[in-house]
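Structure first, then comments.
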Amino acid sequence: MATFDSLKDIKTIIFDWDGTLHESMIIYQGAFLKAYQFLIEKGYAPKKKWKEQEIKRFLGMNPQEMWASFQPSLPKHVIGIVSPMISKEMKDSIELGKAKLYQGTLEVLSELKSKGYRLVYLSNSKIYYKDAMVKAFQLEKYFDFIICSEMFDYIPKEDILLKLKEQLPKKWMVVGDREVDVKAGLAHQAFTVACDYGYGTESELSSAHAHIKDIRELLQIINT
């Protein structure tokens with residue numbers, strides 16, 4: 001793991017979205033359960049009472065990983081029905097103003113922007129989702145780069161960053177709530193900040209350089 005004597009040289013801060021800045025379960029849980037009910041009705045899944053923690057584990061995965069983890073044997077043509085069903089439900093929720101950011105998110109982004117950091121939105125999501133979030137929260141005011149994994153055919157985040165490395169001033173900080181975020185940061189010798197309030201487990205975030213329990217704590221780290 002890279003060591004950092006000072007954070008004063010950091011120029012670029014790369015943010016995950018769901019579970020880091022956006023409280024995703026508010027719009028994801030209902031969409032997931034609606035799709036699962038469809039699978040029950042069509043005989044592709046057994047009746048089940050899902051626990052919130054079980055649903056949370058899918059957040060942070062790209063769609064391909066999510067379906068492989070959920071039910072590897074689910075036919076592709078069925079995924080082709082239920083995946084757009086979840087997408088539509090979530091898009092509708094975003095457009096209806098139901099999406100919610102963690103308290104203090106925009107204030108943190110605004111302050112970091114004012115301090116001259118290059119800010120990057122990097123989400124394991126589809127393009128429609130990224131675009132809907134940009135519109136809902138005017139994210140172009142804060143982020144210099146707004147990127148989702150579908151734009152790169154769902155390759156891992158560390159590989160996306162490899163393609164962008166010449167455009168992003170060094171040194172980097174990566175902020176996220178899942179192992180994929182920590183892994184991406186460490187792969188590029190970035191300072192990694194784990195969001196313990198998100199959807200990752202303690203074990204998958206154990207390699208991060210720092211941990212926060214509120215996005216506003218990031219400012220304390222930056223000003224150290």
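The values are calculated or read from the model by the stated rules, or taken from the named source; none is laboratory data. Here the structure is a predicted model, which is why all the values come from computation and not from measurement. Quick reminder, even Gly has a Cβ in these numbers, built from the backbone with ideal geometry, and neighbours come from all protein chains shown.
Out of Lys34, Lys48, Lys11, one residue alone is closer than 20 Å to Thr105 by Cα and surrounded by fewer than 19 Cβ atoms within 10 Å (Cβ to Cβ). It is Lys11.
Note on the stretch 113-128: among residues that are touching a helix residue (DSSP H, G or I) at 6+ places or on another chain (Cβ under 7 Å) and part of a helix (DSSP H, G or I), the one that is surrounded by the fewest Cβ atoms within 10 Å (Cβ to Cβ) is Ile127.
Condition check ((1) more than 26 Å from Ala208 (Cβ to Cβ); (2) not charged (D, E, K, R)) across all residues:
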residue	(1), (2)
Met85	yes, yes
Ser93	yes, yes
Lys115	no, no
Tyr121	no, yes
Phe137	no, yes
Lys170	no, no
Gly176	no, yes
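When the stretch 30-59 is filtered for residues that are of a type in the set (S, T, N, Q) and at pLDDT below 95, only Gln53 remains. Within the stretch 198-209, residues that are touching a residue at least 12 places away in the same chain (Cβ under 8 Å) and among the polar types (S, T, N, Q) sit with their Cβ atoms under 9 Å from residues that are surrounded by fewer than 18 Cβ atoms within 10 Å (Cβ to Cβ) and part of a loop (DSSP other than H, G, I, E, B), at 6+ positions apart or across chains, in these pairs: Ser207/Met1. Within the stretch 210-224, count every residue that is out of contact with any Leu (no Cβ under 8 Å at 6 or more places or on another chain) and either surrounded by fewer than 14 Cβ atoms within 10 Å (Cβ to Cβ) or without any contact (Cβ under 8 Å) to a residue 12 or more places away in the chain (or both). Looking only at that region, the number is 4. Taken as a whole, the stretch 61-77 holds at least one residue that is within 30 Å of Glu202 (Cβ to Cβ), outside any helix (DSSP H, G or I), under 19 Å from the mean Cα position of the chain (by Cα) and not assigned by TED's automatic domain parsing to the domain that holds Gly176. When the residues of the stretch 173-224 are filtered to those that are at pLDDT below 95 and β-branched (Val, Ile, Thr), the one that is farthest from the chain's Cα centre (by Cα) is Thr224. Of the numbered criteria (1) in the same structural domain as Asp16 (by TED's automatic domain parsing); (2) more than 27 Å from Glu217 (Cα to Cα); (3) out of contact with any helix residue (DSSP H, G or I) (no Cβ under 8 Å at 6 or more places or on another chain), the one Glu107 fails is (2). The condition (being within 22 Å of Lys157 (Cβ to Cβ), without any contact (Cβ under 8 Å) to a residue 60 or more places away in the chain and loosely packed, with under 15 Cβ neighbours inside 10 Å) is satisfied by just one residue among Ser83, Ser73, Ser69: Ser69. Do you know which of the residues in the stretch 129-155 that are in a helix (DSSP H, G or I) and in contact with a Phe, Trp or Tyr (Cβ under 9 Å, 6 or more places away or on another chain) is surrounded by the fewest Cβ atoms within 10 Å (Cβ to Cβ)? Step by step, filter the stretch 129-155, then rank; the result is Val134.
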